[in-house]
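The values are calculated or read from the model by the stated rules, or taken from the named source; none is laboratory data. Everything numeric in this text was worked out from a predicted model, so none of it was measured. Heads up, the Cβs are rebuilt from the backbone with ideal geometry, glycines too, and the neighbour counts pull from every protein chain shown.
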């Protein structure tokens with residue numbers, strides 16, 4: 001597991017008005033807690049079923065009037081200590097060493113999918129293309145709802161999608 005570099009701890013301790021040793025200790029404790037939780041519970045977020053995707057799309061339609069949306073996708077870069085012999089794989093366009101976390105959020109601000117361990121140099125589309133979600137959709141291991149007309153209309157079938 002890679003922890004953030006020292007300069008990001010300096011930023012944390014100034015942002016929250018706490019001492020630098022407290023910031024370092026807190027970040028390490030949180031990271032270790034997340035790490036051990038993931039080891040003891042390898043599947044914290046279960047794989048969504050076709051019915052769960054439909055419910056998410058219905059909820060997006062109800063709450064945001066955005067029909068057939070299965071979730072919103074976003075990535076977040078986080079600083080890491082450069083792994084040995086990694087060259088420039090983790091060096092991103094923002095001039096620091098990082099890894100990427102990609103997540104799909106459903107309604108009610110809950111994650112329905114999370115993918116980590118991507119190189120910092122990768123762009124958003126590459127991260128999505130290499131994710132297990134994209135791969136499972138392409139190989140039909142992850143079933144999405146079938147195309148159908150938007151509610152209240154007839155004829156044209158519209159696919160479900162991510163934003």
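So for region 76-97 (the condition being surrounded by 18 or more Cβ atoms within 10 Å (Cβ to Cβ) and under 26 Å from residue 46 (Cβ atoms)), does at least one residue qualify?
No, that holds for no residue.
Against the conditions (1) without any contact (Cβ under 8 Å) to a residue 60 or more places away in the chain; (2) at positive phi, where does residue 90 fall short? Just the number, please.
(2)
In region 133-148, which residues are part of a helix (DSSP H, G or I) and surrounded by 13 or more Cβ atoms within 10 Å (Cβ to Cβ)? Full working, then the answer.
Here is the first cut: in region 133-148, the ones part of a helix (DSSP H, G or I) are 133-138.
Answer for region 133-148, where residues must be part of a helix (DSSP H, G or I) and surrounded by 13 or more Cβ atoms within 10 Å (Cβ to Cβ): 133, 134, 136, 137.
Looking only at region 32-53, filter to residues that are over 30 Å from residue 67 (Cα atoms) and modelled with pLDDT of 75 or more; which one of those is surrounded by the most Cβ atoms within 10 Å (Cβ to Cβ)?
Step one: of region 32-53, the residues over 30 Å from residue 67 (Cα atoms) are 32-42.
Cutting the leftovers down to modelled with pLDDT of 75 or more gives us 32-33.
On the way: 32: 12, 33: 10.
The selected residue is 32.
Criterion first (modelled with pLDDT under 80 and surrounded by 12 or more Cβ atoms within 10 Å (Cβ to Cβ)) does residue 124 satisfy it? I'd like the intermediate steps shown before the answer.
Details: modelled with pLDDT under 80: yes; surrounded by 12 or more Cβ atoms within 10 Å (Cβ to Cβ): yes.
For residue 124, the condition - modelled with pLDDT under 80 and surrounded by 12 or more Cβ atoms within 10 Å (Cβ to Cβ) - is met.
Restricting to region 98-121, name every residue that is over 24 Å from residue 159 (Cβ atoms) and either touching a residue at least 24 places away in the same chain (Cβ under 8 Å) or crowded, with 19+ Cβ neighbours inside 10 Å (or both).
We begin by selecting, within region 98-121, every residue over 24 Å from residue 159 (Cβ atoms); these are 98-101, 109, 116-121.
Correct list: 98, 99, 100, 101, 118, 119, 120, 121.
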